[in-house]
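What follows is a set of notes on a single structure, which appears directly below.
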Amino acid sequence: MTVTLKDVATLAGVSVKTVSNVVNGYAFVKPENRRRVEEALAATGYRPNVGARNLRRGRTGFLALMVPELSIPYFGELAGLVITAAQKRGWSVLIEQTQGTRSRERETLSSLGPHLVDGALVHPEALEAADFPSPGEIPLVMLGEHAVDVPIDHVAIDNVLAAQTAVSHLASLGRTRIAAIGRNPARGTSSQRLAGYRAGLVAAGLSYSDSLVAPAEKWHRSVGAAAMRSLLALPSPPDAVFCFNDLLAIGALRAVAELGLRVPEDVAIVGFDNNEESAFSLPSLTTIAPDKTALAEAAIDLVHRRITGDKGLPPQDIQTPFALEIRESTSG
């Protein structure tokens, strides 16, 4: 038979309201009553009717997550962390992959609404300010770089500082011809990391050379390998490379090995994202490691605050931590 709140209340010796408060996560419950209710919940195997609860609250019980490519490990890992953080708040997550094109990003945003989801987390690559819905239509949180200037909540690491940190690390090793792989004017992420790359060169007293900056339409392994081969074919090839994500760096590692060179002795390489793959490459990859858990939890916390009534709060801009994970591709 289905266990009801009344059954739990009878066993715990408290009111149905007290059981409801515990089930819904409200703080104002006496510790002794909370303990008795939790024991009764475990003993009866009570499971809340999430659909009915959301219906009473006027919610769908779903959030949307919009990312460019799930095949890029960073977005796959981030999606998993968002799902975990959302589940703690009682939400399920619908994931939409846009390939980073403006048409797909616009189509996805326009399809969202209170009839489908309670809020959305979006990681745009090509959207423009006019593409966003009017404030208040649906709670939105932007992930990643400030691709567009719109008055919505935003969570990201400082990509400029992170890229500068990577380049400064390479310069501290005595490398003087530091290249970059990943330039793509269509990607907001690229412009941020390119700015950080240039700032790192300036801080190290090194000059910028456009010939040392390789374009990358896609941030995939094969593109990184092709870019690395082109850089090493220069009359004065680089002695270090900063790649704008780990997949580009993994491809670069492969190209260096195929050409009979050594990492880091001949070319030091730094990636970005700290994907699981980076710790198991040979050599293992030095990389910028964003705190993806903190990013996911901060984003879910913001959308929760908007949905539960904190709508008058000015747009929040939260920067989550990052670290430089030093491994064999620069330390030997």
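The values are calculated or read from the model by the stated rules, or taken from the named source; none is laboratory data. All values derive from a computational prediction rather than experimental measurement. Because the Cβ atoms are built from the backbone with ideal geometry, glycine has one as well, and the counts that use them run over all protein chains shown. All accessible areas refer to the heavy atoms of the entire protein, side chains included, with ligands and DNA or RNA removed. Shrake-Rupley method; radii C 1.70, N 1.55, O 1.52, S 1.80 Å.
Here are some notes:
- For the pair residue 173 and residue 233, the difference between a 0.36 nm per residue extended length and the Cα-Cα distance amounts to 19.3 nm.
- A DSSP coil position with no more than 15 other Cβ atoms inside 10 Å describes the following GluC sites (Glu not before Pro) in the stretch 130-229: 137, 217.
- Total lysine pairs under 20 Å (Cα atoms) in the chain, excluding pairs fewer than 8 apart on one chain: 4
- Rounded, prolate or oblate (a/c below 1.5 giving rounded, otherwise prolate when a/b exceeds b/c) for the stretch 63-114 by Cα gyration tensor: oblate
- The stretch 199-247: relative contact order as a whole-number percent, Cα under 8 Å and 6+ apart: 32
- A protection proxy built from the mean count of other Cβ atoms within 10 Å ranks the segments 179-191, 258-270, most packed first, as 179-191, 258-270.
- Using a cutoff of 8 angstrom between alpha carbon atoms and counting only pairs six or more residues apart, the relative contact order for the stretch 205-332 works out to 22 percent.
- Shape call, the stretch 89-214: gyration tensor on alpha carbons, a/c limit 1.5: prolate
- Accessible surface, the stretch 112-204, averaged per residue in Å² (probe 1.4 Å): 37
- In this structure, the amide hydrogen of residue 95, modeled 1.01 Å from its nitrogen in the peptide plane, lies closer than 5 angstrom to those of 65, counting only residues at least 5 positions away or on a different chain.
- Gyration tensor (alpha-carbon) shape descriptor, the stretch 185-262, a/c threshold 1.5: oblate
- A cut-off of 5 Å between modelled amide H atoms, ignoring neighbours fewer than 5 places along the same chain, links residue 214 with 180, 181, 182, 183.
- Percent accessible area from carbon and sulfur atoms, the chain, protein chains only, probe 1.4 Å: 54
- Residues in the stretch 61-102 reached by a label modelled at residue 111 [backbone nitrogen below 11 Å; 7 Å Cα→Cβ]: 95-98
- By accessible area with a 1.4 Å probe, ligands and nucleic acids excluded, highest first: order of 254, 175: 254, 175
- Within the stretch 279-302: backbone nitrogen closer than 12 Å to the residue 313 label point (7 Å, Cα to C-beta): 298-302
- Calculated FRET efficiency, residue 323 to residue 43, Cβ-Cβ distance, R0 = 41 Å: about 0.40 to the nearest 0.05.
- Å² per residue, accessible surface of the stretch 245-332 at 1.4 Å: 43
- Mean Cα-pair separation over length for the chain, i.e. relative contact order, pairs under 8 Å, 6 or more apart, %: 15
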